[in-house]
């Protein structure tokens, strides 16, 4: 019995649609990362990008649990003395909620040469309207999964 290793020509990509208002941020981000990597496919190979396209809608209606809106803090530094900036999650959602989802998913992807290609296949929109209806993405309801 030989081990199967996928080739780039063997990869077939599907489109998936995920609603960010159904489940908390972390649960949604793990499922999206799994789809972008292609872990749920039988042809998954670590060094080949086997993942699918993912469209995330309703980022403005993002759900978090507990006190994360005030306790979770994003840090940014300007590399100058005293240049540390702190921003709470609630302020980030008001400013641009797509960045919050992007950073959560980016942190769940492995740090290698395939990461930027995988993130290019991630499309995030603030409301129900998205530009990828021609691709007929398959709706995945995350509240049914455990």
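Confirm whether residue 98 is exposed (fewer than 13 other Cβ atoms within 10 Å of the Cβ), over 19 Å from residue 141 (Cα atoms) and either in contact with a strand residue (DSSP E or B) (Cβ under 7 Å, 6 or more places away or on another chain) or free of Cβ contacts under 8 Å to residues at least 60 places away in the same chain (or both).
Considered against the rule, which asks whether it is exposed (fewer than 13 other Cβ atoms within 10 Å of the Cβ), over 19 Å from residue 141 (Cα atoms) and either in contact with a strand residue (DSSP E or B) (Cβ under 7 Å, 6 or more places away or on another chain) or free of Cβ contacts under 8 Å to residues at least 60 places away in the same chain (or both), residue 98 comes out as no.
Condition first: loosely packed, with under 12 Cβ neighbours inside 10 Å and without any contact (Cβ under 8 Å) to a residue 24 or more places away in the chain. Can you find one or more residues in the range 20-36 that meet it?
No, the range 20-36 contains no residue that is loosely packed, with under 12 Cβ neighbours inside 10 Å and without any contact (Cβ under 8 Å) to a residue 24 or more places away in the chain.
Considering the range 116-146 alone, what residues qualify as being out of contact with any strand residue (DSSP E or B) (no Cβ under 9 Å at 6 or more places or on another chain) and without any contact (Cβ under 8 Å) to a residue 40 or more places away in the chain?
Across the range 116-146, the qualifying residues are 116, 120, 133, 134, 144, 146.
Restricting attention to the range 5-19, report how many residues are free of Cβ contacts under 8 Å to residues at least 40 places away in the same chain, surrounded by fewer than 12 Cβ atoms within 10 Å (Cβ to Cβ) and either in contact with a strand residue (DSSP E or B) (Cβ under 6 Å, 6 or more places away or on another chain) or over 16 Å from residue 121 (Cα atoms) (or both).
Taking the range 5-19 and keeping what is free of Cβ contacts under 8 Å to residues at least 40 places away in the same chain, we get 9-12.
Among the residues that remain, those that are also surrounded by fewer than 12 Cβ atoms within 10 Å (Cβ to Cβ) are: 9, 12.
After this cut, where a residue has to be either in contact with a strand residue (DSSP E or B) (Cβ under 6 Å, 6 or more places away or on another chain) or over 16 Å from residue 121 (Cα atoms) (or both) as well, the list is 9.
Summing the residues that are free of Cβ contacts under 8 Å to residues at least 40 places away in the same chain, surrounded by fewer than 12 Cβ atoms within 10 Å (Cβ to Cβ) and either in contact with a strand residue (DSSP E or B) (Cβ under 6 Å, 6 or more places away or on another chain) or over 16 Å from residue 121 (Cα atoms) (or both) in the range 5-19 gives 1.
Identify, from the list 64, 45, 87, the residue that is more than 24 Å from residue 139 (Cβ to Cβ) and touching a strand residue (DSSP E or B) at 6+ places or on another chain (Cβ under 8 Å).
87
Does residue 48 count as in contact with a helix residue (DSSP H, G or I) (Cβ under 9 Å, 6 or more places away or on another chain), in a loop (DSSP other than H, G, I, E, B), more than 25 Å from residue 134 (Cβ to Cβ) and without any contact (Cβ under 8 Å) to a residue 60 or more places away in the chain?
yes
When you scan the range 102-118, how many residues do you find that are closer than 10 Å to residue 51 by Cβ and surrounded by 13 or more Cβ atoms within 10 Å (Cβ to Cβ)?
So the answer is 3.
Might you check whether a residue that is in contact with a helix residue (DSSP H, G or I) (Cβ under 9 Å, 6 or more places away or on another chain), assigned to a loop (DSSP other than H, G, I, E, B) and either on the phi < 0 side of the Ramachandran plot or modelled with pLDDT under 95 (or both) occurs anywhere in the range 77-100?
The answer is no; no qualifying residue exists.
The values are calculated or read from the model by the stated rules, or taken from the named source; none is laboratory data. Treat the numbers as computed from the prediction; the structure is a model and nothing was measured. Virtual Cβ from ideal backbone geometry, glycine too; neighbours counted across all protein chains shown.
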